[in-house]
């Protein structure tokens, strides 16, 4: 199949906005529709767009598979650590152990903000890796 310069150019220009929108969904998921899973899928779709349009060599320089594997493993351990924080403070697994703020403000949801970031990065790395392996 012949490589298209238009597809390559549009994907290079569009991918940063897709990644930025994924980060927006992750960071404001506790205040609006969205969250860790949805933002992680959007992050992965931006990387997959680059992979499909630019190829594995070009995308591998920016998003190496080894670093994606390490990121997914670290996010899994951080998720278990955040969940255990509730057990350590005398509650149950994934119980909020951070103070709550005022409703509508960004740090208002306790540890849900941090949990969204962890889940978003884990889902983004995982779906990207699954897609890389399937598309090879």
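At a glance:
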| item | result |
| --- | --- |
| Average projection area in nm² (convex hull over Cα atoms of the range 1-74, one quarter of hull surface) | 5.7 nm² |
| Cα Rg over Rh - the range 70-136, Kirkwood | 1.12 |
| Ellipticity estimate at 222 nm from DSSP helix runs (n ≥ 4, -39,500 (n - 2.57)) divided over the chain, nearest 500 | -24500 deg cm²/dmol |
| Helix axis angle, 65-88 relative to the chain longest principal axis, alpha carbon, degrees | 10 degrees |
| Gain in span if fully extended, residue 100 to residue 80, counting 0.36 nm per residue against the direct Cα distance | 5.1 nm |
| Whole-number D in µm² s⁻¹ for the chain, Kirkwood Cα-pair radius fed into Stokes-Einstein, 25 °C, 0.890 mPa s | 152 µm²/s |
| Gain in span if fully extended, residue 56 to residue 6, counting 0.36 nm per residue against the direct Cα distance | 16.2 nm |
| On Cα atoms only, tilt of 5-27 relative to the major axis of the chain in degrees | 0 degrees |
| Segment residue 32-residue 63, extension gain: residue separation times 0.36 nm, minus the distance between their alpha carbons | 8.3 nm |
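Bear in mind that the values in this text are calculations on the coordinates, not laboratory data. Predicted model only: the values in this text are computed from it and were never measured.
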